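Bear in mind that the values in this text are calculations on the coordinates, not laboratory data. This one's a predicted model, so the numbers in the text were calculated from it and none came from an experiment. Cβ placement follows ideal geometry from the backbone for every residue including glycine, while neighbour counts extend to all protein chains displayed.
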Amino acid sequence: MKKSVVTLVTLIILTAGPTVQGQVDPKLQAEEKAKEAIKLMDNGKLDESIQLLQTAQQLDPERFEYPYEIAYALYLKRDYKKAIDTLEKYKQHPKVSSILFQLLGNSYDMDGKAEKALATYDEGLSRFPRSGNLFLEKGNIFSFREEFDKALENYEGGIEADPRYPSNYYRAARLYCNSSQEVWGMIYGEIFMNLERNSQRTAEISKLLYDTYVSEIKVKGDSASVSFCTAVINGNDMLNGGKIKIPFCMVYEQTYIFSVIGIQTVDQASLSRIRQNFVGNYRTMGHNKTHPNVLFDYQEKILNAGHAEAYNRWILMKGDVDGFEQWRKAHETEWDAFIQWFRSNGLVLSNENKFYRKQY
């Protein structure tokens, strides 16, 4: 049986103040019990956590979070059947959200009922169609089965529906960068890094992007080649309002070919220059109009702000950790300025401002 494919964030973030002396408020008492239960859960004391959560539920039976957290503790105990029984009772709760269907589907999956899990995710999507977490879980089931086309269909469906949810980019990037269509992995991976900046997964994708650049950009003397994708040309797709639209694969590789001119080696330093060249060439060649791209627009914003070198070093840092650290120590002022700028000038995604493969 496959292991858990998602770490669920504890739902309750309680900020209740102290109880007024002499006043007994059951809801405040419930919150205090729940806060203590969450600490116990975090420390692996699941049975004690469940007991406190059950007390909290008795004190405030209308609150959705308490039975949800009980089910989550049962899930952590691998008591999937009890988790399922608990969650099934609350599917019609007025405060229910997509995370119930996520945890319920995961519980069915871990209990060996993958088809029931898929049906549960679909039920959740019928009620919460923009839930990237439910697309993710569907994709994970298909990925586990090695049905990668179906997995990507769901990961990319989640990207389109919920563009600020990072995990679908992460999963899609890993699959595409290990295929013949690396171009989509390069874009999804970089977007993921911008959404989830400081995690183990961020480091993994940084190295993946670097390794993919090194394997797909070849320079020898005055010649160079790039290979990030295989263009599939469809006559109907190329016609856009009576005009021929070049497939994005060809646009991407053509722009990189021009961006590599004059480069003698492919390493962290030269890749930063290549990526900066790419930003300028993409606009100069008019591709920003025929193939607008939210990530490339953001890269241009970074370039204009004077932080392209630092940003590119950050993106590629795990491909050459020693090289990155040497550069950072030699450019501390530049690095610190970038970090300060980066904190308040992140990549902004929305339903109107996003990137997903089917746009092209």
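Tabulated data for the structure shown
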| item | result |
| --- | --- |
| Residue with peak Gaussian network fluctuation, the chain [Cα springs, cutoff 10 Å], from THR55, THR212, THR202 | THR55 |
| Neighbour cut-off at most 10 other Cβ (10 Å), DSSP loop, GluC sites (Glu not before Pro), the range 297-360 | GLU352 |
| Those Cys residues of the chain for which no other cysteine Cβ falls under 4.7 Å | CYS177 |
| FRET efficiency, GLN51 to ALA203 (Cβ-Cβ, R0 45 Å, nearest 0.05) | 0.70 |
| The range 55-164: C-alpha gyration tensor shape, a/c 1.5 cut-off, then a/b vs b/c | oblate |
| Sequence-separation-based contact order of the range 216-360, relative, with Cα cut under 8 Å and 6+ spacing, percent | 20 |
| Label selected from [x] 22.6; [y] 21.1; [z] 17.6, the criterion being mean projected area of the Cα convex hull in nm² as computed here | [x] |
| Helix-only [θ]222 nm of the chain, DSSP H runs n ≥ 4, -39500 (n - 2.57) each, per residue, nearest 500 | -20000 deg cm²/dmol |
| Candidates GLU204, GLU48, GLU160, ranked by Gaussian network fluctuation over the chain, Cα under 10 Å, top entry | GLU48 |
| Dipole in debye (nearest 20) - the range 305-360, about Cα centre, beta carbon charges: Lys, Arg +1; Asp, Glu -1 | 400 |
| Distance between the range 80-153 and the range 42-59 - C-alpha centres, whole angstrom | 24 |
| Label-point separation, LYS113 to LYS82 (7 Å along Cα→Cβ), nm | 1.7 |
| Within the range 38-104, chymotrypsin sites (Phe, Trp or Tyr not before Pro) in DSSP loop having at most 12 other beta-carbon neighbours inside 10 Å | none |
| Loop-located trypsin sites (Lys or Arg not before Pro) in the range 24-59 whose Cβ has at most 15 other Cβ within 10 Å (DSSP) | LYS45 |
